[in-house]
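For reference, the structure discussed in these notes is given below.
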Ligand code: PEP
Ligand code: MG
């Protein structure tokens, strides 16, 4: 059964659009259950009716014509009840309603199960049989399992299919695709699709600029692959039997000009670019082989895929040099990374859309630091088809708009203008202190990683760096930077801000931050080998980094060192020992300088409960609320499916934040915060009231937070905190905070969705 389920899901996943998917479902389910009829009814969102959309066994002429309202007929009953209905004789049931002409009179047994995705009934899957008998338990279990597995695929095909149809038809119909807010702001621009390296399924269709050149590029890429394969065959030489060698010939034969190669060239000559032509032809052949019953032939799909991938890699390498970006580029990709941002000139970049990832993925944090409006987790976006399309992205609400109606586009343009005006207004605050109306000072620091952050931060009047993410320069390289290279990077940061303090966090890799040259493959990376766990296991990496930081600090004295992901006292003590040792050794080597302040990040629930014990051993504590929220709420910060459960204002998070501030107070050390909550005007007001000594945030948020805090009294903020601390729900707290901002003349920080 499992095997059958897997095959059906695989086939449906590879379907071309919703209709194709539904047709595969009814055919394969009918065969698998050995029944006579299988049909799908899908809910039409505009009417709420369940439309007969695909069938095996009933009258196909009525597909798309017949429908039942919710609650009407057995299908409507399944939809309303949201549970399976299994009947021996359908016609005897009081809810039965015959759809004229559909041809179900002869079928007595009826089994209907709802198709539910994210709590919404999308449709009903029905099996019917002439024999008068209840479907047995295993049939029911099979259909329920099938429906649950397919619901996500169907939902995706529904949204994506509608957008795809629109793009193909080019009728200018508006489409809005929802994702997750990544970085605030509106961008109106032109899509440039970034394909993951050598992924044929992600190559967008595109017109060839110069067909002859594309044919030549394809020929050259093909020759490179042929040479590579021959080289492998030769290098294995005598280790392989003649039969094994023959396999290489089969392999090379697949690339023969007269077969696949000729088809690719044909498509290029018809106007498609080489990468698109290659991918389309190869995918067609892969599908063909995958459908074969014979296992040997089925296996050939793997070979075809491998060859296609190799040729594509060569094509992409040669195209990369020619990539140009239009003004107002919106980069769109399956999974954008820090390095993909590095490839485009900043002045051309207007916005980002990532199909994967969520609001607290590191690429989103980078985007916020750069002030680039971003939508994450737009899982239903047929992104490969968007090349050169005009798009609007709403980074406040996490939506992407294709062909917005003129009045909607106008509204977005107004927000762009308002945001510009707000930026100008905020510029006037640059040299003013961050001080509440009743004179309480709150130092605002910045989070940095890129050198570009430094200029922006200083421009906005940052008073220090609360988090320098040292892994970012590591991510942008193809090997670990040497101690001397690191010293240079750290020196630049320290000098740029001196005498203001710069807090450098030791390498925090793992989770969603993988170094290309140090891959960590884990099933559960956020609970795995991350942050301090990696560097304590590799003291040579940790020590080189500490030495580089201490050397960079010579003669400046504005360094602070911070340790990420500490979960227990032993980790903290081991790390402290290594830092003390490095410091002693450097003194012996003649490098001058005092031991800098050392702090611990509070990012996991264990650290909240042990905050006082930790506080006694360090000079400061800094809350990493991004991770703390994910671990307290057990919500992966990178997973768009659970993004709506990631509430940084959850009562449990607020309680933890209050407790950490109190622990620091009790032990007499300052507690700061460097998670994204600090950069949110709503969060900042509460953190002020909780007694946080410094708020550290991305440079773009700094002026907004300054404006917010300059508009409130500490006393009022404390009252507000008392009020929200007894609330039970994040939504209630958020609503109260919005109201508070509005009462204090800060409506411009509230952004509601636009349709
Ligand atoms: C945090 O977890 O809040 C934090 C600041 O660290 P990062 O976002 O880099 O994991
Ligand atoms: Mg963190």
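The values are calculated or read from the model by the stated rules, or taken from the named source; none is laboratory data. Predicted model, so just to flag it, every value in this text is computed and none were measured. Note: ideal-geometry Cβ built from the backbone for every residue, glycine included; neighbour counts use all protein chains shown.
Would you mind finding the one in 589, 667 that is away from ligand 1 (no atom under 16 Å from the Cβ), out of contact with any helix residue (DSSP H, G or I) (no Cβ under 7 Å at 6 or more places or on another chain) and more than 22 Å from residue 697 (Cβ to Cβ)? Before the answer, list the steps.
On the way: 667 fails: out of contact with any helix residue (DSSP H, G or I) (no Cβ under 7 Å at 6 or more places or on another chain).
589 is the lone residue from the list that is away from ligand 1 (no atom under 16 Å from the Cβ), out of contact with any helix residue (DSSP H, G or I) (no Cβ under 7 Å at 6 or more places or on another chain) and more than 22 Å from residue 697 (Cβ to Cβ).
Among the residues of segment 589-603, are any assigned to a helix (DSSP H, G or I), on the phi < 0 side of the Ramachandran plot and either over 34 Å from the mean Cα position of the chain (by Cα) or assigned by TED's automatic domain parsing to the domain that holds residue 663 (or both)?
no
Since residue 534 meets every condition but one in (1) in a helix (DSSP H, G or I); (2) buried (at least 23 other Cβ atoms within 10 Å of the Cβ); (3) in contact with a strand residue (DSSP E or B) (Cβ under 7 Å, 6 or more places away or on another chain), which condition does it not meet?
For residue 534, the exception is condition (2).
Within segment 360-390, how many residues turn out to be surrounded by fewer than 24 Cβ atoms within 10 Å (Cβ to Cβ) and in a strand (DSSP E or B)?
Of the residues in segment 360-390, 1 are surrounded by fewer than 24 Cβ atoms within 10 Å (Cβ to Cβ) and in a strand (DSSP E or B).
Being away from ligand 1 (no atom under 13 Å from the Cβ) and part of a loop (DSSP other than H, G, I, E, B) is the filter here, so list the residues in segment 619-634 that pass it.
Passing the criteria: 619, 634.
So that you can scan it fast, the table gives a plain yes or no per residue for (1) touching a residue at least 40 places away in the same chain (Cβ under 8 Å); (2) within 20 Å of residue 95 (Cβ to Cβ); (3) surrounded by 20 or more Cβ atoms within 10 Å (Cβ to Cβ):
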{"residue": "3", "(1), (2), (3)": "no, no, no"}
{"residue": "6", "(1), (2), (3)": "no, no, no"}
{"residue": "15", "(1), (2), (3)": "yes, no, no"}
{"residue": "20", "(1), (2), (3)": "no, no, no"}
{"residue": "26", "(1), (2), (3)": "no, no, yes"}
{"residue": "30", "(1), (2), (3)": "yes, no, no"}
{"residue": "38", "(1), (2), (3)": "yes, no, yes"}
{"residue": "58", "(1), (2), (3)": "yes, yes, yes"}
{"residue": "71", "(1), (2), (3)": "no, yes, no"}
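Take the conditions in contact with a helix residue (DSSP H, G or I) (Cβ under 9 Å, 6 or more places away or on another chain) and surrounded by fewer than 18 Cβ atoms within 10 Å (Cβ to Cβ) and apply them to residue 174. Does it pass?
On the way: in contact with a helix residue (DSSP H, G or I) (Cβ under 9 Å, 6 or more places away or on another chain): yes; surrounded by fewer than 18 Cβ atoms within 10 Å (Cβ to Cβ): yes.
Judged against the criteria, residue 174 is a match.
From the list 449, 464, pick out the single residue that is within 16 Å of ligand 1 (Cβ to nearest atom) and farther than 30 Å from residue 528 by Cα. So that I can check it myself, show each step before the final result.
On the way: 449 fails: farther than 30 Å from residue 528 by Cα.
Only one candidate qualifies: 464.
Give 391, 349 a once-over and let me know the one that is more than 17 Å from residue 176 (Cα to Cα), touching a strand residue (DSSP E or B) at 6+ places or on another chain (Cβ under 9 Å) and at pLDDT 90 or above.
Working: 391 fails: more than 17 Å from residue 176 (Cα to Cα).
Step by step, each of 391, 349 is checked, and only 349 is more than 17 Å from residue 176 (Cα to Cα), touching a strand residue (DSSP E or B) at 6+ places or on another chain (Cβ under 9 Å) and at pLDDT 90 or above.
Report yes if residue 422 is under 17 Å from residue 748 (Cα atoms), in contact with a helix residue (DSSP H, G or I) (Cβ under 9 Å, 6 or more places away or on another chain), surrounded by fewer than 22 Cβ atoms within 10 Å (Cβ to Cβ) and touching a residue at least 12 places away in the same chain (Cβ under 8 Å), otherwise no.
Values: under 17 Å from residue 748 (Cα atoms): yes; in contact with a helix residue (DSSP H, G or I) (Cβ under 9 Å, 6 or more places away or on another chain): yes; surrounded by fewer than 22 Cβ atoms within 10 Å (Cβ to Cβ): yes; touching a residue at least 12 places away in the same chain (Cβ under 8 Å): yes.
Judged against the criteria, residue 422 is a match.
Looking only at segment 476-503, count every residue that is under 23 Å from residue 519 (Cα atoms), in contact (Cβ under 8 Å) with a residue 40 or more places away in the chain and not in a helix (DSSP H, G or I) and tell me the total.
Result for segment 476-503: 4.
Based on this model, can you work out whether residue 49 counts as assigned by TED's automatic domain parsing to the domain that holds residue 149, free of Cβ contacts under 8 Å to residues at least 24 places away in the same chain and surrounded by 14 or more Cβ atoms within 10 Å (Cβ to Cβ)?
Yes: the conditions hold for residue 49.
Among the listed residues 616, 581, which satisfies the condition of being more than 20 Å from residue 549 (Cα to Cα), at pLDDT 95 or above and away from ligand 1 (no atom under 16 Å from the Cβ)? Spell out how you get there, then give the answer.
Details: 581 fails: more than 20 Å from residue 549 (Cα to Cα).
So the residue among 616, 581 that is more than 20 Å from residue 549 (Cα to Cα), at pLDDT 95 or above and away from ligand 1 (no atom under 16 Å from the Cβ) is 616.
Please pick out the residue among 695, 702, 741 that is closer than 30 Å to residue 504 by Cβ, assigned by TED's automatic domain parsing to the domain that holds residue 649 and part of a helix (DSSP H, G or I). Quick ask: steps written out before the conclusion?
Details: 695 fails: part of a helix (DSSP H, G or I); 741 fails: closer than 30 Å to residue 504 by Cβ.
Just one listed residue meets the conditions, 702.
Do we find a residue being surrounded by fewer than 24 Cβ atoms within 10 Å (Cβ to Cβ), more than 16 Å from ligand 2 (Cβ to nearest atom), more than 29 Å from residue 739 (Cα to Cα) and modelled with pLDDT of 95 or more anywhere in segment 646-663?
Checking segment 646-663: at least one residue is surrounded by fewer than 24 Cβ atoms within 10 Å (Cβ to Cβ), more than 16 Å from ligand 2 (Cβ to nearest atom), more than 29 Å from residue 739 (Cα to Cα) and modelled with pLDDT of 95 or more.
Yes/no matrix, rows are residues, columns are (1) surrounded by fewer than 21 Cβ atoms within 10 Å (Cβ to Cβ); (2) assigned by TED's automatic domain parsing to the domain that holds residue 678; (3) within 16 Å of ligand 2 (Cβ to nearest atom):
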site: 570; (1), (2), (3): yes, no, no
site: 576; (1), (2), (3): yes, no, no
site: 580; (1), (2), (3): yes, no, no
site: 586; (1), (2), (3): yes, no, no
site: 606; (1), (2), (3): yes, yes, yes
site: 613; (1), (2), (3): yes, yes, no
site: 621; (1), (2), (3): no, yes, yes
site: 627; (1), (2), (3): no, yes, yes
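Could you check, for segment 674-684, whether at least one of its residues is within 16 Å of ligand 2 (Cβ to nearest atom), under 19 Å from residue 561 (Cα atoms), in a strand (DSSP E or B) and in contact with a helix residue (DSSP H, G or I) (Cβ under 9 Å, 6 or more places away or on another chain)?
Among the residues of segment 674-684, not one is within 16 Å of ligand 2 (Cβ to nearest atom), under 19 Å from residue 561 (Cα atoms), in a strand (DSSP E or B) and in contact with a helix residue (DSSP H, G or I) (Cβ under 9 Å, 6 or more places away or on another chain), which makes the answer no.
Is it the case that residue 605 is within 15 Å of residue 554 (Cβ to Cβ) and either touching a helix residue (DSSP H, G or I) at 6+ places or on another chain (Cβ under 8 Å) or away from ligand 1 (no atom under 15 Å from the Cβ) (or both)? Please lay out each step first, then the result.
Details: within 15 Å of residue 554 (Cβ to Cβ): no; either touching a helix residue (DSSP H, G or I) at 6+ places or on another chain (Cβ under 8 Å) or away from ligand 1 (no atom under 15 Å from the Cβ) (or both): yes.
Spelling it out, it is not the case that residue 605 is within 15 Å of residue 554 (Cβ to Cβ) and either touching a helix residue (DSSP H, G or I) at 6+ places or on another chain (Cβ under 8 Å) or away from ligand 1 (no atom under 15 Å from the Cβ) (or both).
Got at least one residue in segment 536-544 being in contact (Cβ under 8 Å) with a residue 12 or more places away in the chain and within 16 Å of ligand 2 (Cβ to nearest atom)?
Our first condition is that a residue be in contact (Cβ under 8 Å) with a residue 12 or more places away in the chain; within segment 536-544, this holds for 536, 539, 541-544.
Narrowing the set further to residues that are within 16 Å of ligand 2 (Cβ to nearest atom) leaves none.
No, there is no match, as no residue in segment 536-544 is in contact (Cβ under 8 Å) with a residue 12 or more places away in the chain and within 16 Å of ligand 2 (Cβ to nearest atom).
(1) within 15 Å of ligand 1 (Cβ to nearest atom); (2) in contact with a helix residue (DSSP H, G or I) (Cβ under 7 Å, 6 or more places away or on another chain): which one isn't true of residue 599, the others all being true?
(2)
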